[in-house]
1. Whether any residue in the stretch 108-116 is outside any loop (DSSP other than H, G, I, E, B), within 18 Å of the chain's Cα centre (by Cα) and away from the ligand (no atom under 16 Å from the Cβ) is what I want to check.
2. Is it true that some residue in the stretch 12-30 is open to solvent by less than 10 Å² (accessible area, probe 1.4 Å), modelled with pLDDT of 95 or more, near the ligand (Cβ under 9 Å from one of its atoms) and not basic (K, R)?
3. Would you mind stating whether A228 is exposed (fewer than 14 other Cβ atoms within 10 Å of the Cβ) and within 29 Å of S13 (Cβ to Cβ)?
4. Can we say V141 is in contact with a Lys or Arg (Cβ under 6 Å, 6 or more places away or on another chain), without any contact (Cβ under 8 Å) to a residue 40 or more places away in the chain and either within 16 Å of the ligand (Cβ to nearest atom) or open to solvent by less than 100 Å² (accessible area, probe 1.4 Å) (or both)?
5. For the stretch 150-158, check the following and say yes or no: at least one residue is at pLDDT 95 or above and surrounded by 14 or more Cβ atoms within 10 Å (Cβ to Cβ).
6. Filter the stretch 81-98 for residues that are within 12 Å of the ligand (Cβ to nearest atom), in contact (Cβ under 8 Å) with a residue 40 or more places away in the chain and out of contact with any His (no Cβ under 9 Å at 6 or more places or on another chain) and give the result.
7. Answer with yes or no whether R200 is assigned to a helix (DSSP H, G or I), modelled with pLDDT of 95 or more and open to solvent by 70 Å² or more (accessible area, probe 1.4 Å).
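The values are calculated or read from the model by the stated rules, or taken from the named source; none is laboratory data. Note that the coordinates shown come from a computational prediction; the quantities given were computed from them, not determined experimentally. So basically every Cβ, Gly included, is an ideal-geometry build from the backbone, and we count neighbours across all protein chains shown. Each accessible area value is taken on the protein alone, full model and side chains, heavy atoms only, with ligands, DNA and RNA left out. Shrake-Rupley method; radii C 1.70, N 1.55, O 1.52, S 1.80 Å.
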Amino acid sequence: MVKIAAIVPAAGSGTRMRMNTKKQFFALAGTPLVGYALKTMEASPAVQDIVIVVSPGEEGYCRGAVIEKLGLNKITAIVPGGKERQGSVYNGLLALSPDTDIVIVHDGVRPFFSLDILDKVIAAAQKHGAATCAVLAKDTVKLANEDNFVTGTLPRNRTWLVQTPQAFCYRLIMEAHRRARDDGLLATDDTALVESLGRRVKIVMGSYENIKITTPEDLDMAMAIIKAAGEGD
Ligand code: C5P
């Protein structure tokens with residue numbers, strides 16, 4: 001049987017949110033934000049183990065206010081995060097059982113991914129080694145220099161906005177993270193580390209609802225999505 005484990009990094013400081021409760025623990029329609037992603041992982045028949053990464057010192061709070069509150073049974077470890085997201089994912093990787101075949105990485109602050117997308121990403125990782133979901137850019141994306149002068153325009157029909165879940169063969173993602181640490185490479189998502197090894201990453205279609213809650217406006221959008229799904233009444 002294929003062993004599939006998920007890492008949910010939720011150790012960000014959330015400074016763009018300007019709120020007292022850390023956004024990953026902020027109650028959205030009664031459920032802590034990170035609880036949405038964890039519940040979907042828990043509901044997936046494919047996922048056996050879930051490792052959650054929180055800020056150092058928040059392990060106990062997370063256990064009581066999220067894991068026990070929601071009655072989650074697949075959490076195998078709560079580990080302290082690093083300064084950057086990449087270090088947090090690496091700490092999560094170290095907590096996985098070495099007989100893991102496929103590793104899913106999913107941001108704790110993306111509550112609205114579906115089991116269908118998760119299955120597609122897992123299948124693509126099994127076939128190609130590494131996969132992410134993403135959506136096509138609706139706006140034209142420009143690159144600019146430090147003075148905000150445009151230096152290039154990306155072709156919109158090939159410009160993808162990358163989301164999570166992402167999935168990887170265990171050995172590949174371990175090698176990618178170890179090499180990145182050795183080389184001092186820091187990236188904002190895990191597929192970039194696989195790319196840096198010269199390995200291919202497959203894109204599967206994500207969903208525009210799969211937003212990352214980053215700023216206060218995103219919370220309004222999140223409530224609207226929850227209400228439309230009939231869960232927030
Ligand atoms: O940094 P970004 O907004 O892309 O964060 C994506 C996810 O990574 C969030 O769930 C956040 O809590 C997590 N993160 C982390 N450790 C950090 C920074 C971010 O686990 N040091």
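1. Kept after step one, since they are outside any loop (DSSP other than H, G, I, E, B), are these residues of the stretch 108-116: 115-116.
Retained after the next criterion (residues that are within 18 Å of the chain's Cα centre (by Cα)): 115-116.
Narrowing the set further to residues that are away from the ligand (no atom under 16 Å from the Cβ) leaves 115-116.
Within the stretch 108-116, one or more residues are outside any loop (DSSP other than H, G, I, E, B), within 18 Å of the chain's Cα centre (by Cα) and away from the ligand (no atom under 16 Å from the Cβ).
2. Filtering the stretch 12-30 for residues open to solvent by less than 10 Å² (accessible area, probe 1.4 Å) gives 17, 24, 28.
If we keep only those that are modelled with pLDDT of 95 or more too, we end up with none.
Looking for residues that are open to solvent by less than 10 Å² (accessible area, probe 1.4 Å), modelled with pLDDT of 95 or more, near the ligand (Cβ under 9 Å from one of its atoms) and not basic (K, R), one finds none in the stretch 12-30, hence no.
3. On the way: exposed (fewer than 14 other Cβ atoms within 10 Å of the Cβ): yes; within 29 Å of S13 (Cβ to Cβ): no.
No: the conditions fail for A228.
4. Judged against the criteria, V141 is not a match.
5. Step one: of the stretch 150-158, the residues at pLDDT 95 or above are 150-158.
Subsequent filtering for residues that are surrounded by 14 or more Cβ atoms within 10 Å (Cβ to Cβ) retains none.
Looking for residues that are at pLDDT 95 or above and surrounded by 14 or more Cβ atoms within 10 Å (Cβ to Cβ), one finds none in the stretch 150-158, hence no.
6. Going residue by residue through the stretch 81-98, those that are within 12 Å of the ligand (Cβ to nearest atom) are 81-92.
Going one step further and asking which of them are in contact (Cβ under 8 Å) with a residue 40 or more places away in the chain, we end up with 81-82, 84-86, 88-90, 92.
Within the stretch 81-98, G81, G82, E84, R85, S88, G92 qualify.
7. Taking the combined requirement at face value, the residue does not satisfy it.
So that you can scan it fast, the table gives a plain yes or no per residue for (1) more than 13 Å from the ligand (Cβ to nearest atom); (2) at pLDDT 95 or above; (3) part of a loop (DSSP other than H, G, I, E, B):
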{"residue": "L38", "(1), (2), (3)": "no, yes, no"}
{"residue": "P45", "(1), (2), (3)": "yes, yes, yes"}
{"residue": "I52", "(1), (2), (3)": "no, yes, no"}
{"residue": "P56", "(1), (2), (3)": "no, yes, yes"}
{"residue": "C62", "(1), (2), (3)": "no, yes, no"}
{"residue": "E68", "(1), (2), (3)": "yes, yes, no"}
{"residue": "N73", "(1), (2), (3)": "yes, yes, yes"}
{"residue": "T76", "(1), (2), (3)": "yes, yes, no"}
{"residue": "V79", "(1), (2), (3)": "no, yes, no"}
